[in-house]
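Here the structure comes first, spelled out in structure tokens, and everything after it is commentary.
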Amino acid sequence: FKESFNCNNNAINDDLRAAFLNYHNNGRRRIAKGQQNNVGGKKLNKAANMNKLRWNCDMEKKAQEYMKSCNALGGRVWGSPYYSVVTNFGGAAPAKMVAEFSMKMWWTSVERNAISDNNEYRVCALQSFSQMANARATEIGCTVTNCGNKMQIGCLYNAIGSIKGQPMWETGEPCSECIGNSTCEDGLCVRPEEKPEDGKNTICSTSGMTDKIRTRILNVHNEFRSLVARGLARNGTQGYAPKASAMYKLKYDCKLEELAMSHAKTCVYGHRPNSERPNIGENIYTLLVPGSDRTMNGEWATADWFYELKHYGVFADNRFTDALNNRPNTVVGHYTQLAWGTTKYIGCGVQNCNDQTIVVCNYSPAGNKKDQLIYDVGTPCSKCPSGTKCAADEGLCVFA
């Protein structure tokens with residue numbers, strides 16, 4: 001079976017495209033299954049959320065434009081939401097051989113540089129590997145450029161892997177933390193094909209937001225709330241967070257979005273005082289990369305908030321207390337708001353700023369009420385309020 005990529009571009013052929021794509025996905029699968037070597041024969045942690053990469057013809061074309069000067073450098077591709085890995089190869093050789101040699105060089109750096117227990121990117125020597133292995137990436141486009149006395153090989157990715165201190169993937173059984181309506185294929189999360197941003201803005205009238213961004217953030221919030229409600233969310237070192245007997249499925253609210261977007265547009269990273277948003281909760285996130293894809297940022301923000309539960313844990317009593325919230329070097333308040341059982345509505349704003357991309361989400365009614373339960377514990381849907389229906393497969397209470 002020969003894969004057809006249907007790219008309207010003759011600079012490289014489908015055989016080379018398949019070589020690039022398969023090398024990446026085979027390596028990502030080895031990580032997901034706990035089969036990838038690190039230093040000294042130690043295996044890397046398994047990955048719970050490793051996406052299968054899909055080829056993107058537009059990104060391939062962008063890679064060719066980026067590298068046509070033969071002076072391209074790895075890193076941020078300015079004027080686009082993409083991140084690149086680039087290598088120079090002296091002399092001339094068959095393109096496929098050069099591509100495979102280059103990818104092996106990028107990938108095998110992980111066999112010479114130890115990775116921390118929580119899979120964080122920490123050393124520059126792993127920059128290329130971090131892009132290839134970044135679980136959050138979903139699309140790739142690569143090329144080989146002939147530059148006379150050298151060849152240049154490069155790949156573009158739709159997510160950045162080399163953020164210091166950021167986990168490149170989440171530890172866990174393969175596919176146990178897939179999101180975005182993914183299916184599981186041999187250890188990798190397979191997303192539905194990404195539809196391009198069409199700029200539609202029909203759900204709310206707020207300028208600067210789009211239906212695609214709104215829908216993605218809402219859906220990912222509800223996917224994570226469903227994991228919690230069904231008892232499938234890892235709680236620090238204590239196993240799993242308890243099931244929720246009455247957790248609402250969130251609905252999107254335009255007034256909350258207006259509030260969130262007005263704050264995001266200030267490009268100041270920090271919470272507004274409670275007095276400016278009575279009984280409205282707020283989560284905030286920044287990526288210090290200007291111009292990055294806003295839909296992806298909305299998803300990454302939601303994931304970062306959710307993973308506070310896994311990284312730091314909450315106490316067995318499932319209450320939002322000072323003792324929980326004031327632990328040193330620990331943040332769980334974004335998770336607790338995301339999973340607050342009685343919160344019903346969400347509205348968000350995502351803004352590209354000069355030096356960062358900011359995500360703000362507001363919630364109503366607010367969570368994080370002192371000494372209250374994060375959510376009622378019990379069999380999913382067993383205490384759904386009167387007038388709501390149970391979405392049994394999600395474990396969430398749906399209100400009219």
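Each value in this text was obtained by applying a stated rule to the coordinates, not by laboratory testing. This one's a predicted model, so the numbers in the text were calculated from it and none came from an experiment. Don't worry about glycine lacking a Cβ; one is built from the backbone with ideal geometry, like all the others, and counts go over all protein chains shown.
Counting other beta carbons within 10 Å of each Cβ, put GLU100, GLU257, GLU60, GLU3 in order, fewest first.
Numbers: GLU100 16, GLU257 28, GLU60 22, GLU3 12.
Least to most surrounded, the residues fall as GLU3, GLU100, GLU60, GLU257.
How far apart, in nm, are two points set 7 Å out from the Cα along the Cα-to-Cβ line at PHE399 and at ASP322?
3.1
Which Cys residues of the chain have no other Cys beta carbon under 4.7 Å away?
Singleton cysteines: CYS124.
Give me the number: length gained by fully extending LEU373 to ASP211, i.e. 0.36 nm times residue separation minus the C-alpha to C-alpha distance, one decimal in nm. Write down the numbers at each step before the final one.
Numbers: separation 162, 0.36 × 162 = 58.32 nm, distance 3.27 nm.
Between LEU373 and ASP211, full extension yields 55.0 nm more.
Given the convex hull of the Cα atoms of region 220-283, what is a quarter of its surface area in nm²?
On the way: hull surface 24.2 nm².
Taking a quarter of the hull surface, the average projection is 6.0 nm².
Which aspartates and glutamates have a Cα lying under 20 Å from the Cα of LYS62, excluding residues fewer than 8 positions away in the same chain?
Result set, ordered by chain and number: ASP14, ASP15, GLU139, GLU193, GLU194, GLU197, ASP198, ASP293.
Quick one: dipole size for the chain, taken about the Cα centre, charges +1 on Lys/Arg Cβ and -1 on Asp/Glu Cβ, in debye to the nearest 20.
360
Going by Cα centres, region 296-341 and region 1-49 are how many Å apart?
33
Quick one: SER162, SER382, fewest Cβ neighbours within 10 Å first, how do they rank? Write out the running numbers ahead of the final one.
On the way: SER162 22, SER382 13.
Fewest-to-most Cβ neighbours within 10 Å comes out as SER382, SER162.
Taking a quarter of the surface of the convex hull around the Cα atoms of the chain, what do you get in nm²? Working shown, then result.
Working: hull surface 83.2 nm².
Computed as one quarter of the Cα hull surface, the answer is 20.8 nm².
Which order results if SER205, SER102 are arranged by neighbouring Cβ count within 10 Å, fewest first?
Working: SER205 10, SER102 25.
Starting with the residue having the fewest Cβ neighbours, the order is SER205, SER102.
From largest to smallest, what semi-axes in whole angstrom does region 197-398 give when each is the square root of 5 times an eigenvalue of its alpha carbon gyration tensor?
Working: eigenvalues 143, 76, 46 Å².
Each semi-axis is the square root of five times an eigenvalue, giving 27, 20, 15 Å.
Assigning unit charges at the beta carbon (Lys, Arg +1; Asp, Glu -1) and nothing else, what dipole magnitude in debye, to the nearest 20, does region 14-157 show about its Cα centre?
Working: 20 positive and 10 negative charges, 78 e Å.
Here region 14-157 has a charge dipole of around 380 debye.
For ALA11 paired with PHE315, estimate the spin-label separation in nm (one decimal), with each label point 7 Å from Cα along the Cα-to-Cβ line.
Calculated label separation equals 5.8 nm.
Considering Cα pairs under 8 angstrom that are at least six residues apart, work out the relative contact order of region 131-204 and quote it in whole percent. Before the final figure, lay out the partial values.
Numbers: 74 pairs, mean separation 17.8, N = 74.
RCO, region 131-204: 24 percent.
Under a point spin-label approximation (7 Å from Cα along Cα-to-Cβ), what is the TYR240-ALA18 distance to one decimal in nm?
So the label points at TYR240 and ALA18 sit 4.0 nm apart.
Less than 11 Å Cβ to Cβ from THR388, Lys/Arg counted +1 and Asp/Glu -1: what total charge do the surrounding residues give? The partial results should precede the final answer.
On the way: positive: LYS249, LYS344, LYS383, LYS389; negative: none.
Local net charge: +4.
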